[in-house]
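Please read the structure below before turning to the comments.
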Amino acid sequence: MTIDPRSPFGLLLTAICIIAFAYLILPILVVVVAPLGDTGYLAFPPKGFTLRWYAAALDDTRYLSGFLTSLQIGGAVALLSTIIGVLAAYGLSRYDFPGRSLIEALFLSPLILPTLVLAVSLSLFFTRTGLLTGTGRLVLAHIIVCTPYVIRVTLPVLRRFDRTLEEAAQNLGASPIQSFFLILLPVIKTGIIAGCVMAFITSFDEVVLALFLASPGEPTLPVIIYSAVQLGFEPTVAAVSGLLVILTCVFMVLYQILGVARQD
Amino acid sequence: MEIELRNLAKSFGATKVVNDLSFSLEKGEMIALLGPSGCGKTTTLRMMAGFIGPTSGAILVRGQDVTRLPPHKRDSGLVFQNYALFPHMTVTENIAFGLNRRGIPREEQKARIAGMVEKLKLKGLEQRYPKQLSGGQQQRVAVARALVINPAILLLDEPFSNLDAKLRESTGIELRRIQRELGLTSIFVTHDQTEAMAIADKIAVMNGGVIEQLGSASEIYETPATRFVAEFIGKANFLTGSVVDRSASGVRIDLSSAGALVVPESKVGRDARHVEVMIRPENVVLTADPALQSLQGVVDVISYQGATAHAIIRLPSGLTLTAECKGREAGWMSPGGKVFASLQPESVTVFRH
């Protein structure tokens, strides 16, 4: 179905689209642009122009170390929850065993469980048992939250996977393990990468679990931003957020360029 | 003996999918497992490849029992119905896959791949990915990938069913030529009798998990062992009757209101009473006047097809008989006209009813 963009309905549709995108994108733009203002407080539209706040954000070692901590945790979480999630999805897609749908539901349940509940119960659990200390606690907590995302993304891909491909590999002399690594994984690669990226992002900007479980000496970036905002909304905090937005954009553009290059 | 299947059987739960299947192949022979869907032909092929373990029986390749070997330790090349080419690999990488698993050195790999590319007319396509190939090209890559490993058996699972009719015939002939050239022992699964008859040395007609008849194409067509075979291969007319007299001159079969027929004794089982007489349409001779052993009927429909014409004759009993004659010899018949259909005793087959 095509709609004539000049018809009344088409115009309305265009207007709604513009408003919806503005609603989604403008706040992000504000965060990037506002710290450019040459005032001691945040104002939009910015008055004057300075890179002072951005410089201050880059200078402040707290933010940098928080960024690195978040990066480390996010990386570890993405890697581990991808491995766990892909293996779980593989089992769920391949084998029919009693309680399969129950286990599938259980794996996906943290998606509906409030993070706060999980945060409280996990901090109680870790305090009582003394199991794990420092960042390990947060990594474990994030894995619980992120693995379901990986399962969600990879399960449909695995269900669509043509199993005769693995049979063909085995017929040609590949052991089941070789056919898993040489055929199955490369074919479902995009699904795995998508799950991995989702896991990373979820971990990277997660606040609630981090507030409860991050080791006090090494707070994550969201925790640092959160506490900074509580103390007073100075332009440096907005600049940090602005930097994250810019970094994300750079990655998106790079991904598109590389992705397009690979398809040719 | 190159390949031997001994009393192979497979049950899924209470269902016997393959039941007491035995046959053997000499080196370079090609057998077609032919039958309707659910006859057990694909299960048999999958047992040969090792994807399904038989419930009982044994598979021997060059005298070695491979029944319990996992798929990757068997020496069989399988061409899948959907080709199952690896989508993330180029044509060359697909063909090289089996060689890599066998640890063949680079130089030899190159030579063998080049040979296959040559043989299967894949020149210029080496660096393409499967989705950039036509169906026929994909099929040839699948064949090349299976052949390059020099398997002891070549297994083909409905390899032509995804090709259009024109390509199917030429591909079949081409495959047969390569198979002969390499002296490959092959098992070929199909539901298409034309394909089976055109390509295979031997045909095993399967039904309900058992082989109904095993023989050359002409054997199963000319002398079908069972009613199922007669019906499945080619077109057939069936007339029910009963044996009324046995004498030195032959066995007399009464076809109730359609008339009677005398057939050689060798064609009728010793104690058969109720029988079914089968005759192929091209063996029904139509004449305007009564002839020896002829049944009287009325022309129902004539369909002219150029080289041949098919006439459907209605017999007094209400049964119909299909006859095939040369197209240019059908002019004298007209729908509703009286006609005599004579059945040559040597061209009928009699089944116990």
Legend entry - Loop-located trypsin sites (Lys or Arg not before Pro) in segment A:43-82, at most 15 other Cβ atoms within 10 Å (DSSP): A:LYS47
Inset, instruction - Any chance you could give the angle, 0 to 90 degrees and rounded to 10, that helix A:61-94 forms with the longest Cα principal axis of chain A? - result: 20
Legend entry - Near-label residues of segment A:198-227 by backbone N, under 20 Å of a point 7 Å along Cα→Cβ of A:ALA56: A:221-227
Inset, instruction - Would you mind getting me the FRET efficiency between B:SER266 and B:SER134? Use the beta-carbon distance for r and R0 = 60 Å, nearest 0.05. - result: 0.70
Inset, instruction - Any chance you could check the Cα centroid distance between segment B:175-191 and segment A:192-264 for me, in angstrom? - result: 60
Legend entry - Gained length - B:THR320 relative to B:SER249, 0.36 nm times residue gap less alpha-carbon distance: 22.7 nm
Inset, instruction - Take the Cα coordinates of chain B, assign each an equal point scatterer, and use the Debye formula without solvent to give log10 I(q)/I(0) at q = 0.09 Å⁻¹. - result: -0.63
Legend entry - Cα-Cα P(r), segment B:93-214, percent of pairs per 10 Å interval: 12, 41, 33, 12, 2
Legend entry - the protein assembly as shown - Rg (one decimal) and Dmax (whole number), Cα, Å: 36.9, 124
Inset, instruction - Could you work out which residue, out of A:SER175, A:SER65, A:SER121, moves most in a Gaussian network model of chain A, that is, has the largest mean-square fluctuation with Cα springs under 10 Å? - result: A:SER175
Legend entry - Label zone at A:GLN72 (point 7 Å along Cα-to-Cβ), backbone N below 15 Å, segment A:126-153: A:133-140
Legend entry - Pairs beyond 25 Å (Cα-Cα), from B:LYS41/B:LYS131; B:LYS235/B:LYS326; B:LYS235/B:LYS267; B:LYS27/B:LYS123; B:LYS119/B:LYS166: B:LYS41/B:LYS131; B:LYS27/B:LYS123
Legend entry - segment A:49-105: chymotrypsin sites (Phe, Trp or Tyr not before Pro) falling in loop per DSSP and having at most 14 other Cβ within 10 Å: A:PHE49, A:TYR95
Inset, instruction - Please find the FRET efficiency linking A:PHE233 to A:PHE49, where r is the Cβ-Cβ separation and R0 is fixed at 22 Å, and quote it to the nearest 0.05. - result: 0.65
Inset, instruction - Mind pulling the angle between the C-alpha long axis of helix B:91-101 and the longest principal axis of chain B? Nearest 10 degrees, somewhere in 0 to 90. - result: 70
Inset, instruction - Quick one: P(r) of segment A:1-123 from all Cα-Cα pairs, 5 Å bins, percents rounded to integers, in order of increasing distance. - result: 2, 8, 8, 9, 10, 10, 11, 12, 12, 10, 5, 2, 1, 0
Legend entry - GluC sites (Glu not before Pro) restricted to segment B:1-81 and DSSP loop, no more than 13 other C-beta within 10 Å: B:GLU26
Inset, instruction - Starting from 0 in steps of 10 Å, tell me what percent of the Cα-Cα pairs of segment A:154-255 lands in each bin. - result: 13, 27, 22, 18, 14, 6, 1
Legend entry - Highest to lowest packing among B:292-302, B:146-156, scored as the average C-beta count within 10 Å: B:146-156, B:292-302
Inset, instruction - Compute the acute angle (0 to 90°) between the alpha-carbon long axis of helix A:115-129 and the principal axis of greatest extent of the alpha-carbon atoms of chain A; round to the nearest 10°. - result: 70
Inset, instruction - Working from the alpha-carbon coordinates of chain A, get Rg over Rh, Rh being the Kirkwood radius. - result: 1.05
Legend entry - Computed E for B:ASP75/B:SER218 - FRET, C-beta separation, R0 45 angstrom, nearest 0.05: 0.90
Inset, instruction - Please state, to two decimals, what the Cα-based radius of gyration of segment B:235-352 comes to when divided by 2.2 N^0.38 Å (N = residues). - result: 1.06
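Here, each number is a calculation from the coordinates, and none is a lab measurement. Bear in mind the structure is a predicted one, so any value in this text is a computation, not a measurement. Don't worry about glycine lacking a Cβ; one is built from the backbone with ideal geometry, like all the others, and counts go over all protein chains shown.
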